Amino acid sequence: MTDLYRLLPEEMEDLMIEFDQPRYRADQILYALYYKFPQNISEIKQLPKEFREELVNKGFTIGSAKEVHKIESKDGETTKLLLNLEDDSPIETVLMQYPPKKLLGHPRSTVCVSTQVGCAMGCVFCATGQMGFERNMKAEEIVSQVIHFEKILSSKGQHTTNIVFMGMGEPLANYPETLRAIQLLTHPRGFGIGQRNITISTIGIISAIDKLADEKLQIGLAISLHAPNDKLRKWLVPTASPNSVEDLIKAGKRYFLKTGRRVTFEYALIEGVNDSTETANDLAVLLRNNGSHVNLIPLNPTAGDFRRPKRDNVVEFERILYNSGVNCTVRVEKGVEIAAACGQLRTDVLGKYNNTGIKSQRQ
Ligand code: SAH
Ligand code: SF4
């Protein structure tokens, strides 16, 4: 079985040659995939019926993920989809919308994609990490998450404006499929989103960060740091070794030098764990003068015992960084009530639905 969403435009053209079809058939298929969102090959009406049948008979398919649940936040700005992959693995993907800056503008629509079913990194504060690792996702499974939302958005005259690899899993631990997904999503004859509108978040696999820098892409990189020293980081991210905090910061610098793209350090703020003024000062010393940006993410509640710091502590942490000249923002929180925020994605691998307890709309 090959999902047509897996193929890059050049590969689609090669396939047409194999099928003895004119080259323009590749563009017909690509147009259908990225603008019409067919459910199956027989819906690509631009193709002759015999060719559609031939594709199906040779094991080609469309759509590796089926929507089984959709939950929307009360303000309508966050939507979480539960998708079932071909092997029935359940995964979650999220759309976050930000109101337009101008009266008649369109909202910013960011799709947050998952790259693995579960995650092997085991971060103690992350719901995905606590469910363990099931498997890597294929590129077409990553792409199909964006397609599901694009279909919803385009019916309202809107479009996906940004894609962040911040859902379930560690994207750089699934490097080849993540890279292929990026190529499919950014190819002008594929989904066609700008590279600058994509950000990958990583727990910090240094060899993969260097490899990504060598791809010379214009995608943004966010490195999840969470601590200014190795002892604390190793406790929060048990699989962190042998990557030291210092090595991660150096890897971020190399990425910046090779791509020209500023690197963000993400820092999940956890009450009584990594939110003290002393910790903020240590972080400031580490990061000042290196032009990087810190994104503070006040912890979102998961199954564990960890708590979000009080608002004043978050502000104080930010102030210390800011006063030391470290560029810093606090992440706008979205989707907490539907368990769609950072670190909250988790699906019951035995099969069923979401972990919110909220009655959701059956599709
Ligand atoms: N595996 C990658 C990308 C997915 S997690 C990574 O770890 O970077 C995306 C972001 O959510 C990371 O910065 C992660 O640290 C953060 N995160 C995980 N659990 C969280 C939680 N409970 N509250 C807030 N942020 C969390
Ligand atoms: Fe995996 Fe990222 Fe969660 Fe850590 S924070 S367990 S790396 S998904």
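A compact table of results
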quantity: Mean-position separation - Cα centroids, the range 109-180 and the range 186-253, in angstrom; calculated: 15
quantity: Normalised contact order of the range 223-332, rounded percent, pairs of Cα under 8 Å and 6 or more residues apart; calculated: 27
quantity: Ranked packing of 218-226, 67-75, 173-181, most packed first, by mean Cβ within 10 Å; calculated: 218-226, 173-181, 67-75
quantity: Principal-axis tilt of helix 277-287 within the chain, Cα atoms, nearest 10 degrees; calculated: 60
quantity: Inter-part distance where the range 61-89 and the range 4-18 are each reduced to a Cα centre, Å; calculated: 27
quantity: Accessible area (Å², per residue) of the range 2-61, counting only protein heavy atoms and a probe of 1.4 Å; calculated: 54
quantity: The range 85-131: trypsin sites (Lys or Arg not before Pro) falling in loop per DSSP and having at most 16 other Cβ within 10 Å; calculated: K101, K102
quantity: Cysteines having no other Cys beta carbon under 4.7 Å from their own, within the chain; calculated: C112, C119, C328, C342
quantity: Percent carbon-and-sulfur accessible area, the range 102-168, ignoring ligands, DNA and RNA, probe 1.4 Å; calculated: 59
quantity: Share of carbon and sulfur in the accessible heavy-atom surface of the range 2-61 [1.4 Å probe, %]; calculated: 48
quantity: Proximal aspartates and glutamates to K45, defined as alpha-carbon separation beneath 18 angstrom and excluding residues fewer than eight positions away on the same chain; calculated: D3, D27, E53, E54
quantity: Protection proxy ranking of 270-283, 45-58 - average other beta-carbon atoms within 10 Å, highest first; calculated: 270-283, 45-58
quantity: Mean accessible surface per residue for the range 82-167, computed with a 1.4 Å probe while every protein chain stays in place, in Å²; calculated: 38
quantity: The chain, relative contact order [Cα under 8 Å, separation at least 6], %; calculated: 16
quantity: Angle in degrees between helix 139-154 and the longest Cα principal axis of the chain, rounded to the nearest 10; calculated: 80
quantity: Over 24 Å (Cα to Cα) - which of K80/K231; K66/K156; K70/K138 fall in this group; calculated: K80/K231
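The values are calculated or read from the model by the stated rules, or taken from the named source; none is laboratory data. The structure displayed is predicted, hence computed values, not measured ones. Note that each Cβ is placed from the backbone with ideal geometry, even for glycine, and that neighbours are counted across all protein chains shown. Ligands, DNA and RNA are excluded from the accessible area calculation, which covers all protein heavy atoms including side chains. Shrake-Rupley method; radii C 1.70, N 1.55, O 1.52, S 1.80 Å.
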